[in-house]
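Enquirer: Handing you this structure, nothing more for now.
The values are calculated or read from the model by the stated rules, or taken from the named source; none is laboratory data. Just so it is clear, the model here is predicted, and its values are computed rather than measured. Using ideal geometry, Cβ is built from the backbone for each residue, glycine included, and neighbour counts are taken over all protein chains shown.
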Amino acid sequence: MTGPKLNEATNKVGVSSGTRAKAMNVRMSASKIRVVLNHVRGLQVQEADSLLSLIQRDSAHDIRKLLASAVANAVNNDSKVAEDLYVKACFADEGPTLKRFRPRAKGRAAQILKRTSHITIVVDTMTDKMLAIREQSAEAKGGTKVVSRSARVAASRARAAKPDADDSQDSTDSTNESGEEN
(Lines give C-alpha, C1' and ligand atoms only; values in the text may rest on other atoms or scores of the structure.)
Protein backbone atom coordinates (compact mmCIF):
# COMPACT_ATOMS: atom_id res chain seq x y z
CA MET A 1 0.00 0.00 0.00
CA THR A 2 1.50 3.34 -0.97
CA GLY A 3 0.92 6.75 0.56
CA PRO A 4 0.29 7.76 4.15
CA LYS A 5 -1.29 5.19 6.46
CA LEU A 6 -3.05 7.73 8.62
CA ASN A 7 -5.81 10.12 7.83
CA GLU A 8 -3.04 12.65 7.64
CA ALA A 9 -4.38 16.12 7.54
CA THR A 10 -1.35 16.80 9.70
CA ASN A 11 1.33 16.63 7.02
CA LYS A 12 2.26 20.17 8.03
CA VAL A 13 5.65 21.03 9.42
CA GLY A 14 5.71 21.23 13.21
CA VAL A 15 2.42 19.36 13.73
CA SER A 16 2.67 15.91 15.31
CA SER A 17 0.57 13.03 14.05
CA GLY A 18 1.08 11.00 17.24
CA THR A 19 3.71 8.80 18.80
CA ARG A 20 4.78 5.68 16.90
CA ALA A 21 6.12 2.30 17.80
CA LYS A 22 7.22 -0.12 15.13
CA ALA A 23 8.06 -3.83 15.19
CA MET A 24 10.01 -4.95 12.16
CA ASN A 25 10.32 -8.43 10.65
CA VAL A 26 7.74 -10.11 12.89
CA ARG A 27 7.58 -13.79 11.86
CA MET A 28 3.88 -13.86 11.06
CA SER A 29 1.90 -12.95 7.98
CA ALA A 30 0.42 -9.47 7.84
CA SER A 31 -3.08 -10.81 7.16
CA LYS A 32 -3.11 -12.68 10.48
CA ILE A 33 -1.96 -9.58 12.33
CA ARG A 34 -4.52 -7.30 10.66
CA VAL A 35 -7.38 -9.37 12.10
CA VAL A 36 -6.33 -8.39 15.62
CA LEU A 37 -5.40 -4.81 14.73
CA ASN A 38 -8.92 -4.20 13.44
CA HIS A 39 -10.26 -4.86 16.96
CA VAL A 40 -7.89 -2.37 18.58
CA ARG A 41 -8.07 0.58 16.18
CA GLY A 42 -9.65 3.71 17.73
CA LEU A 43 -9.88 2.37 21.30
CA GLN A 44 -8.52 3.96 24.45
CA VAL A 45 -5.14 2.44 25.38
CA GLN A 46 -6.48 0.80 28.58
CA GLU A 47 -9.41 -0.76 26.70
CA ALA A 48 -7.13 -1.96 23.92
CA ASP A 49 -4.70 -3.55 26.39
CA SER A 50 -7.46 -5.41 28.24
CA LEU A 51 -8.96 -6.57 24.94
CA LEU A 52 -5.59 -7.81 23.69
CA SER A 53 -5.07 -9.77 26.90
CA LEU A 54 -8.28 -11.70 26.17
CA ILE A 55 -7.72 -12.39 22.46
CA GLN A 56 -6.32 -15.88 21.96
CA ARG A 57 -4.27 -15.34 18.82
CA ASP A 58 -0.50 -15.41 18.69
CA SER A 59 -0.39 -11.97 17.09
CA ALA A 60 -2.20 -10.43 20.09
CA HIS A 61 0.86 -11.00 22.28
CA ASP A 62 3.17 -9.13 19.87
CA ILE A 63 0.65 -6.31 19.40
CA ARG A 64 0.20 -5.93 23.16
CA LYS A 65 3.96 -5.58 23.65
CA LEU A 66 4.10 -3.03 20.83
CA LEU A 67 1.19 -1.06 22.32
CA ALA A 68 3.02 -0.89 25.65
CA SER A 69 6.09 0.37 23.81
CA ALA A 70 4.08 3.06 22.01
CA VAL A 71 2.60 4.24 25.32
CA ALA A 72 6.07 4.31 26.89
CA ASN A 73 7.37 6.35 23.94
CA ALA A 74 4.52 8.84 24.33
CA VAL A 75 5.06 9.20 28.07
CA ASN A 76 8.87 9.42 28.02
CA ASN A 77 9.57 11.21 24.73
CA ASP A 78 6.50 13.41 24.22
CA SER A 79 5.49 13.98 27.88
CA LYS A 80 1.91 12.77 27.38
CA VAL A 81 -0.33 11.27 30.05
CA ALA A 82 -0.90 7.53 29.54
CA GLU A 83 -4.59 7.66 30.59
CA ASP A 84 -5.42 10.19 27.83
CA LEU A 85 -3.99 8.15 24.96
CA TYR A 86 -5.91 6.23 22.32
CA VAL A 87 -4.88 4.13 19.31
CA LYS A 88 -4.95 6.62 16.47
CA ALA A 89 -3.74 4.22 13.80
CA CYS A 90 -2.39 0.71 13.54
CA PHE A 91 -1.39 -1.25 10.48
CA ALA A 92 0.66 -4.23 9.36
CA ASP A 93 2.72 -4.19 6.18
CA GLU A 94 4.39 -7.15 4.52
CA GLY A 95 8.05 -7.63 5.27
CA PRO A 96 10.62 -9.73 3.44
CA THR A 97 9.56 -13.29 2.67
CA LEU A 98 11.91 -16.12 3.63
CA LYS A 99 12.00 -18.78 0.92
CA ARG A 100 12.60 -22.38 1.89
CA PHE A 101 12.35 -25.58 -0.15
CA ARG A 102 10.94 -28.98 0.68
CA PRO A 103 11.87 -32.12 -1.26
CA ARG A 104 9.04 -33.69 -3.22
CA ALA A 105 8.62 -36.77 -5.40
CA LYS A 106 10.73 -37.45 -8.50
CA GLY A 107 13.52 -35.09 -7.49
CA ARG A 108 11.38 -31.99 -7.46
CA ALA A 109 11.23 -29.30 -4.79
CA ALA A 110 8.28 -27.35 -3.44
CA GLN A 111 8.72 -23.78 -2.27
CA ILE A 112 7.68 -22.78 1.25
CA LEU A 113 7.11 -19.06 1.84
CA LYS A 114 7.70 -17.92 5.41
CA ARG A 115 6.07 -14.53 5.62
CA THR A 116 7.16 -11.64 7.84
CA SER A 117 5.54 -8.30 8.55
CA HIS A 118 6.15 -4.85 9.98
CA ILE A 119 3.62 -3.68 12.60
CA THR A 120 3.12 0.01 13.37
CA ILE A 121 0.97 1.50 16.14
CA VAL A 122 0.37 5.25 16.49
CA VAL A 123 -1.04 6.61 19.77
CA ASP A 124 -2.15 10.16 20.44
CA THR A 125 -4.19 12.16 22.92
CA MET A 126 -7.84 12.63 22.12
CA THR A 127 -8.92 16.21 21.45
CA ASP A 128 -11.88 17.76 23.27
CA LYS A 129 -13.90 17.76 20.06
CA MET A 130 -13.29 14.03 19.54
CA LEU A 131 -14.22 13.30 23.17
CA ALA A 132 -17.51 15.17 22.76
CA ILE A 133 -18.34 13.27 19.57
CA ARG A 134 -17.53 9.93 21.22
CA GLU A 135 -19.73 10.72 24.24
CA GLN A 136 -22.63 11.77 22.01
CA SER A 137 -22.42 8.55 20.01
CA ALA A 138 -22.27 6.48 23.20
CA GLU A 139 -25.38 8.23 24.55
CA ALA A 140 -27.20 7.75 21.26
CA LYS A 141 -26.46 4.02 21.37
CA GLY A 142 -27.45 3.84 25.01
CA GLY A 143 -23.96 2.70 25.88
CA THR A 144 -23.76 4.77 29.06
CA LYS A 145 -26.78 3.03 30.58
CA VAL A 146 -25.65 0.07 32.67
CA VAL A 147 -28.39 -2.39 33.58
CA SER A 148 -27.89 -5.34 35.88
CA ARG A 149 -28.64 -8.85 34.70
CA SER A 150 -31.46 -9.28 37.22
CA ALA A 151 -33.21 -6.17 35.88
CA ARG A 152 -32.91 -7.48 32.31
CA VAL A 153 -34.30 -10.88 33.32
CA ALA A 154 -37.23 -9.28 35.16
CA ALA A 155 -38.05 -7.11 32.15
CA SER A 156 -37.86 -10.12 29.85
CA ARG A 157 -40.19 -12.15 32.06
CA ALA A 158 -42.64 -9.26 32.20
CA ARG A 159 -42.67 -9.06 28.40
CA ALA A 160 -43.17 -12.82 28.15
CA ALA A 161 -46.08 -12.76 30.63
CA LYS A 162 -47.82 -9.83 28.94
CA PRO A 163 -48.79 -11.65 25.66
CA ASP A 164 -50.12 -14.60 27.71
CA ALA A 165 -52.49 -12.25 29.55
CA ASP A 166 -53.71 -10.84 26.20
CA ASP A 167 -54.32 -14.37 24.87
CA SER A 168 -56.41 -15.32 27.90
CA GLN A 169 -58.71 -12.34 27.35
CA ASP A 170 -59.17 -13.31 23.71
CA SER A 171 -60.14 -16.88 24.63
CA THR A 172 -62.91 -15.70 26.97
CA ASP A 173 -64.48 -13.76 24.13
CA SER A 174 -66.04 -16.53 22.08
CA THR A 175 -67.97 -14.21 19.79
CA ASN A 176 -66.48 -12.47 16.83
CA GLU A 177 -67.16 -8.91 15.66
CA SER A 178 -70.37 -9.76 13.84
CA GLY A 179 -71.84 -11.27 17.03
CA GLU A 180 -71.77 -14.88 15.89
CA GLU A 181 -70.43 -17.60 18.16
CA ASN A 182 -67.27 -19.45 17.09
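Enquirer: State whether one or more residues within the stretch 87-103 are over 11 Å from THR19 (Cβ atoms) and assigned to a helix (DSSP H, G or I).
Expert: No: the stretch 87-103 contains no residue that is over 11 Å from THR19 (Cβ atoms) and assigned to a helix (DSSP H, G or I).
Enquirer: Test of understanding: among ILE63, ILE119, ILE112, ILE133, which residue is β-branched (Val, Ile, Thr), surrounded by 10 or more Cβ atoms within 10 Å (Cβ to Cβ), on the phi < 0 side of the Ramachandran plot and under 15 Å from the mean Cα position of the chain (by Cα)?
Expert: When all the criteria are applied, what remains is ILE63.
Enquirer: Turning to a different aspect of this structure: Pairs under 7 Å by beta carbon, first residue over 11 Å from GLN44 (Cβ atoms) and touching a residue at least 40 places away in the same chain (Cβ under 8 Å) in the stretch 121-135, partner among the small types (Gly, Ala, Ser) and in a strand (DSSP E or B), six or more apart or different chains?
Expert: Between residues of the stretch 121-135 that are over 11 Å from GLN44 (Cβ atoms) and touching a residue at least 40 places away in the same chain (Cβ under 8 Å) and residues that are among the small types (Gly, Ala, Ser) and in a strand (DSSP E or B), the close pairs are ILE121/ALA21; VAL122/ALA89.
Enquirer: Mind listing just one residue for me: the one in the stretch 96-105 that is without any contact (Cβ under 8 Å) to a residue 40 or more places away in the chain and not β-branched (Val, Ile, Thr) and, of those, surrounded by the most Cβ atoms within 10 Å (Cβ to Cβ)? If you could, list the steps in order and put the result at the bottom.
Expert: Applying the first criterion (without any contact (Cβ under 8 Å) to a residue 40 or more places away in the chain) to the stretch 96-105 yields 97-105.
Subset that is not β-branched (Val, Ile, Thr): 98-105.
Numbers: LEU98: 12, LYS99: 9, ARG100: 10, PHE101: 10, ARG102: 9, PRO103: 8, ARG104: 9, ALA105: 6.
Here the answer is LEU98.
Enquirer: For the stretch 136-165, enumerate the residues that are modelled with pLDDT under 80 and surrounded by 10 or more Cβ atoms within 10 Å (Cβ to Cβ).
Expert: ALA138, GLY143
Enquirer: The conditions are (1) touching a Pro at 6+ places or on another chain (Cβ under 7 Å); (2) under 16 Å from VAL40 (Cα atoms), and ALA92 fails exactly one of them. Which is it?
Expert: (1)
Enquirer: Counting just the residues of the stretch 51-60 that are in a helix (DSSP H, G or I) and within 18 Å of ILE119 (Cβ to Cβ), which one comes out farthest from the chain's Cα centre (by Cα)?
Expert: ASP58
Enquirer: Would you mind finding the one in ALA21, ALA68, ALA74, ALA48 that is at pLDDT 90 or above, under 14 Å from VAL87 (Cβ atoms) and not in a helix (DSSP H, G or I)?
Expert: One residue alone meets the criteria, ALA21.
Enquirer: How many residues, within the stretch 91-109, are over 27 Å from the mean Cα position of the chain (by Cα) and among the aromatic types (Phe, Trp, Tyr)?
Expert: Within the stretch 91-109, residues that are over 27 Å from the mean Cα position of the chain (by Cα) and among the aromatic types (Phe, Trp, Tyr) number 1.
Enquirer: Is it the case that the stretch 21-40 has a residue that's in contact with a strand residue (DSSP E or B) (Cβ under 8 Å, 6 or more places away or on another chain), within 28 Å of THR127 (Cα to Cα) and loosely packed, with under 15 Cβ neighbours inside 10 Å?
Expert: Yes, that holds for at least one residue.
Enquirer: Do you know which residues across the stretch 59-95 are in contact with a Lys or Arg (Cβ under 9 Å, 6 or more places away or on another chain) and touching a residue at least 60 places away in the same chain (Cβ under 8 Å)?
Expert: Listed by number, the residues that qualify are LYS88, ALA89, PHE91, ALA92, ASP93, GLU94, GLY95.
Enquirer: Which members of the stretch 166-180 meet the condition of being of a type in the set (Asp, Glu), in a loop (DSSP other than H, G, I, E, B) and at pLDDT 55 or above?
Expert: Passing the criteria: GLU177, GLU180.
Enquirer: Additional query: Looking at ARG57, ARG104, ARG41, ARG64, can you tell me which residue is in contact with a Leu (Cβ under 9 Å, 6 or more places away or on another chain) and of a type outside the set (Val, Ile, Thr)?
Expert: After ruling out the rest, the residue left standing is ARG64.
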